[in-house]
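Below is one structure, written out as structure tokens; comments come after it.
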């Protein structure tokens with residue numbers, strides 16, 4: 001895909017993106033860990049709501 005920027009502006013963007021602070025190595029995304037966290041939160045909130053419901057009724 002061609003850039004719509006002027007060459008000098010594209011050079012500035014390339015220089016900005018190649019700076020060391022923008023070269024952070026990221027860990028791979030772990031779907032199962034996210035699923036377990038969400039599932040754990042749902043279970044804890046469900047148990048909390050049952051407990052609070054038993055106190056009220």
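Under the classification rounded if a/c is under 1.5, otherwise prolate if a/b is larger than b/c and oblate if not, where does the range 7-49 fall, given a ≥ b ≥ c as square roots of the Cα gyration tensor eigenvalues?
It is prolate, given that a/c is not under 1.5 and a/b is the larger ratio.
What's the ranking of 20-26, 8-14 by average number of surrounding C-beta atoms within 10 Å, highest first?
8-14, 20-26
Ignoring everything except DSSP H segments at least 4 long, calculate the 222 nm mean residue ellipticity for the chain; use -39,500 (n - 2.57) per segment, divide by total residues, nearest 500.
Helices in the chain give a 222 nm mean residue ellipticity of -22000 deg cm²/dmol.
Every number in this text was worked out from the coordinates using simple rules, so none of it is lab data. Remember, it's a predicted structure, so these values are computed and weren't measured experimentally. Counting neighbours? That spans all protein chains shown, and the Cβs are built from the backbone with ideal geometry, glycine included.
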